[in-house]
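Working notes, beginning with the structure itself.
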């Protein structure tokens, strides 16, 4: 799956986001090593701690379908009208199911960039 295809799927997911508080509509598309595509969007809640980010939504969906051995081949995240990488909590969740060399795509100054998981989170928790 190409980065453009991932970005298109992430953008579609972002358009479905429930973000009445932050107004940040975020979508994520991930492609697994088994060749499946999963998407997720952020879903906010008046109790902010109950909010789920798009990246974690997509990862959890992939695990629910493929099981605990699910591995991320590549991932893209899009915030409509914004440009930023995954938050720290999402980086840690992605790292749990990705190799250090897994590409994570996002927008920086409106242009697609890719960093490896190791570059995004060099000292992730591992057991």
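Tell me, in nm to one decimal, what length is gained between residue 84 and residue 4 on full extension, where the rule is 0.36 nm per residue of separation less the Cα-Cα distance? The partial results should precede the final answer.
Values: separation 80, 0.36 × 80 = 28.80 nm, distance 1.70 nm.
In short, 27.1 nm is gained.
Report Rg(Cα)/(2.2 N^0.38 Å) for the chain, keeping two decimals.
On the way: Rg = 13.4 Å, N = 127, 2.2 N^0.38 = 13.9 Å.
Normalised Cα radius of gyration, the chain: 0.96.
Mind checking the full-extension length gain between residue 52 and residue 125? Use 0.36 nm per residue of separation minus the Cα-Cα distance, one decimal, nm. Before the final figure, lay out the partial values.
Values: separation 73, 0.36 × 73 = 26.28 nm, distance 2.03 nm.
Full extension of this stretch gives 24.3 nm more.
I need the shape label for the stretch 1-76. Rule: rounded when a/c is under 1.5, else prolate if a/b > b/c, else oblate, with a, b, c from the alpha carbon gyration tensor. Display every interim value, and only then the final one.
On the way: a/c = 3.29, a/b = 1.49, b/c = 2.20.
Oblate is the answer for the stretch 1-76, as a/c is 1.5 or above yet b/c matches or exceeds a/b.
So, in nm, how far is label residue 12 from label residue 108 when the simple model puts each one 7 Å beyond its Cα toward the Cβ?
Calculated label separation equals 2.8 nm.
How big is the Kirkwood radius of the stretch 72-111, worked out from every pair of different alpha carbons and given in Å to one decimal? Display every interim value, and only then the final one.
Values: mean 1/r = 0.0931 Å⁻¹.
After inverting the pairwise mean of 1/r, the radius is 10.7 Å.
Taking 8 Å as the Cα distance limit and 6 or more residues as the minimum spacing, I'd like the relative contact order of the chain as a percentage.
Values: 270 pairs, mean separation 26.7, N = 127.
Contact order relative to length: 21 percent.
Where does the chain land at 222 nm, in deg cm²/dmol rounded to the nearest 500, when only DSSP H runs of n ≥ 4 count, each adding -39500 (n - 2.57), divided by all residues? Numbers along the way, then the final one.
Working: 4 runs with 38 residues, N = 127.
Helices in the chain give a 222 nm mean residue ellipticity of -8500 deg cm²/dmol.
Going by average Cβ neighbours within 10 Å, how do the peptides 38-51, 108-121 rank, with the highest at the top? Please list the in-between numbers first.
Numbers: 38-51: 15.6, 108-121: 13.7.
Taking the mean over residues of other Cβ atoms within 10 Å, the ranking is 38-51, 108-121.
Determine the gain in length on full extension of the stretch residue 21-residue 36; use 0.36 nm per residue of separation and subtract their C-alpha separation, reporting nm with one decimal. All intermediate terms of the calculation are to be shown ahead of the outcome.
Working: separation 15, 0.36 × 15 = 5.40 nm, distance 3.17 nm.
Difference between extended and current length: 2.2 nm.
The numbers here are math on the coordinates, done by the rules we state, and not lab data. Just so it is clear, the structure is predicted and the values come from calculations on it, not from any experiment. Every residue, glycine among them, receives a Cβ derived from its backbone with ideal geometry; neighbour counts consider all protein chains shown.
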